[in-house]
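**Q** Next up is a structure, given as structure tokens.
The values are calculated or read from the model by the stated rules, or taken from the named source; none is laboratory data. Because the structure is a prediction, the values reported are computed rather than measured. Here the Cβ positions follow ideal geometry from the backbone for every residue, glycine too, while neighbour counts run over all protein chains shown.
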Amino acid sequence: MTTAVTDTAPPNGGSIDERRSLVADLLALTKPRVISLLLVTAVAPMYMTDLGYPSGRLVLWVLLGGYLMAGGANAINMWFDRDIDDRMSRTKKRPVPAGRVSGAQALVFGVALGALAFALLWTQVNRLSAWLALGGLLFYLFVYTFWLKRTSTQNIVIGGAAGAFPPLVGWAAMTNRLDLTALYLFVIIFFWTPPHFWALALLKRNDYARAGVPMLPVVHGVRRTKWEMLVYTLFLLPITLMPVAFRALGPIYLVAAVLLGARLLWYCVVLLREAEMRGTEWKMYRYSLVYLALLFVAMAVDRRVDSPAPLPPSPDVTILRDPLPEGAPAPMPRHRHD
């Protein structure tokens, strides 16, 4: 005689499959694929300082804290945008508009992730990195999600700067300060964001129009959007070459920046010449993700292989530093020197 084993009524209620589905939906709220690029831009600067290699422990804490903070911001974003997500084909299957997770659950989950991330970065990394990560979350929510996304065509230009906070977090985690080098990395992502996101907005402009979101191609048309994508790219490419001109980065980065930038510019030109949608928008959107990741990796590799002078201009100019409490001993470095 055999006894049937069932998993339909575990002690804490709900079937195992239902709990697994809930976990999958909560994970989806964090947008893992989006966060993966943010983590690359947070960790790469840790290998660009003149302090040697970061410890594996420090890198892991930055990765974990960064993921939780960005995931919390994304979950809160899905709570707030549940009304427009339900009207867009790209987003209506997300957990909240699909009804698999309630808006209240998404909000509580997002706030909890942000609080946990702040605590981990504060205790395991340093206070400055914790405040910067929290600043990125608040900027993304209050400037982009709550304010500009539904009111201005400049939503992704200004609000998209939230995506430029991860390099600041990584730099501060390693150095416990912000200087012009960190702000330079911020500027690169700031100018990269509009052509990157507008490539997707061109594809989904009907969705945005249906939801009442004033993305640039919805308000000013496809042609104007393509021209602005080109303009931002033409600003971006010289900026990426500035550290080579100042001899802060060497030939490895130079080759990578030129080749990667040439391909990005090529996509912009092709888009501008196309009168109809031919799929180039999607190709450019996907390539722009690879572009930014490889650009930051090339910076880190070049610094560690060639190790020229600290990145100018004026690397000694400190924009922000987290001072030690009065009478506290200097912290032990969280890295090993070359």
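**Q** Search the stretch 42-58 for residues being in contact with a Phe, Trp or Tyr (Cβ under 9 Å, 6 or more places away or on another chain) and part of a helix (DSSP H, G or I), and hand back the single one that is farthest from F146 (Cα to Cα).
**A** Y47
**Q** Could you look through the stretch 136-184, keep only residues that are basic (K, R) and closer than 27 Å to E228 by Cα, and pick out the one that is farthest from the chain's Cα centre (by Cα)?
**A** We begin by selecting, within the stretch 136-184, every residue basic (K, R); these are 149-150, 177.
Pick out the ones that are also closer than 27 Å to E228 by Cα and you get 149-150.
Working: K149: 17, R150: 21 Å.
Selected residue: R150.
**Q** Another one. Give the residue, chosen from Y140, Y144, that is in contact with a Gly (Cβ under 6 Å, 6 or more places away or on another chain) and either at pLDDT 95 or above or of a type in the set (D, E) (or both). Show your work before the answer.
**A** Details: Y140 fails: in contact with a Gly (Cβ under 6 Å, 6 or more places away or on another chain).
Exactly one residue qualifies, and that residue is Y144.
**Q** Residue by residue through the stretch 234-248, note down the ones that are aliphatic (A, V, I, L, M) and in contact (Cβ under 8 Å) with a residue 12 or more places away in the chain. Lay out the reasoning, then the answer.
**A** Taking the stretch 234-248 as the starting set, the residues that turn out to be aliphatic (A, V, I, L, M) are 234, 236-237, 239, 241-242, 244-245, 248.
Passing the criteria: L234, L236, L237, I239, L241, M242, V244, A248.
**Q** Please indicate, with yes or no, whether at least one residue in the stretch 142-162 is closer than 22 Å to L64 by Cα, of a type in the set (A, V, I, L, M, F, W, C), in contact (Cβ under 8 Å) with a residue 24 or more places away in the chain and buried (at least 22 other Cβ atoms within 10 Å of the Cβ).
**A** Within the stretch 142-162, one or more residues are closer than 22 Å to L64 by Cα, of a type in the set (A, V, I, L, M, F, W, C), in contact (Cβ under 8 Å) with a residue 24 or more places away in the chain and buried (at least 22 other Cβ atoms within 10 Å of the Cβ).
**Q** Just to be sure, is I189 among the hydrophobic types (A, V, I, L, M, F, W, C) and either in contact (Cβ under 8 Å) with a residue 60 or more places away in the chain or farther than 30 Å from N126 by Cβ (or both)?
**A** Numbers: among the hydrophobic types (A, V, I, L, M, F, W, C): yes; either in contact (Cβ under 8 Å) with a residue 60 or more places away in the chain or farther than 30 Å from N126 by Cβ (or both): yes.
Considered against the rule, which asks whether it is among the hydrophobic types (A, V, I, L, M, F, W, C) and either in contact (Cβ under 8 Å) with a residue 60 or more places away in the chain or farther than 30 Å from N126 by Cβ (or both), I189 comes out as yes.
**Q** Here is a follow-up. Examine the stretch 129-151 for a residue that is within 30 Å of R247 (Cβ to Cβ) and assigned to a helix (DSSP H, G or I), and state whether such a residue exists. If you could, list the steps in order and put the result at the bottom.
**A** At the first step, the residues of the stretch 129-151 found to be within 30 Å of R247 (Cβ to Cβ) are 129, 132.
If we keep only those that are assigned to a helix (DSSP H, G or I) too, we end up with 129, 132.
Checked the stretch 129-151: at least one residue is within 30 Å of R247 (Cβ to Cβ) and assigned to a helix (DSSP H, G or I).
**Q** Residue by residue through the stretch 116-130, note down the ones that are of a type in the set (A, V, I, L, M, F, W, C) and either without any contact (Cβ under 8 Å) to a residue 40 or more places away in the chain or buried (at least 19 other Cβ atoms within 10 Å of the Cβ) (or both).
**A** Start the filter on the stretch 116-130 by keeping residues that are of a type in the set (A, V, I, L, M, F, W, C), which leaves 116-122, 125, 128, 130.
Across the stretch 116-130, the qualifying residues are A117, F118, A119, L120, L121, W122, V125, L128, A130.
**Q** Okay, moving on. Residue by residue through the stretch 279-321, note down the ones that are at pLDDT 85 or above and of a type in the set (K, R). Steps first, please.
**A** In the first step, residues of the stretch 279-321 are kept if they are at pLDDT 85 or above; the result is 279-305.
Within the stretch 279-321, K283, R286, R303, R304 qualify.
Yes/no matrix, rows are residues, columns are (1) assigned to a helix (DSSP H, G or I); (2) under 30 Å from M174 (Cβ atoms); (3) touching a Lys or Arg at 6+ places or on another chain (Cβ under 6 Å):
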| position | (1), (2), (3) |
| --- | --- |
| L39 | yes, yes, no |
| L60 | yes, yes, no |
| L63 | yes, yes, no |
| M69 | yes, yes, no |
| G72 | yes, yes, no |
| A75 | yes, yes, no |
| M88 | no, no, no |
| K93 | no, no, no |
| V96 | no, no, yes |
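**Q** A follow-up question, please. Return the residues of the stretch 231-255 that are under 29 Å from D81 (Cβ atoms) and touching a helix residue (DSSP H, G or I) at 6+ places or on another chain (Cβ under 6 Å); say none if nothing qualifies.
**A** Y232, T233, L236
**Q** Can you report the number of residues in the stretch 192-207 which are aromatic (F, W, Y) and surrounded by fewer than 22 Cβ atoms within 10 Å (Cβ to Cβ)? Can you show your working first?
**A** Here is the first cut: in the stretch 192-207, the residues aromatic (F, W, Y) are 192, 197-198.
From the residues that got through so far, the ones that are surrounded by fewer than 22 Cβ atoms within 10 Å (Cβ to Cβ) too are 197.
Count: 1.
**Q** Any residue in the stretch 169-181 that is touching a Gly at 6+ places or on another chain (Cβ under 7 Å) and either on the phi > 0 side of the Ramachandran plot or buried (at least 24 other Cβ atoms within 10 Å of the Cβ) (or both)? Spell out the reasoning first.
**A** The initial filter retains those residues of the stretch 169-181 that are touching a Gly at 6+ places or on another chain (Cβ under 7 Å), namely 169.
Subsequent filtering for residues that are either on the phi > 0 side of the Ramachandran plot or buried (at least 24 other Cβ atoms within 10 Å of the Cβ) (or both) retains 169.
Yes; the residues of the stretch 169-181 include at least one that is touching a Gly at 6+ places or on another chain (Cβ under 7 Å) and either on the phi > 0 side of the Ramachandran plot or buried (at least 24 other Cβ atoms within 10 Å of the Cβ) (or both).
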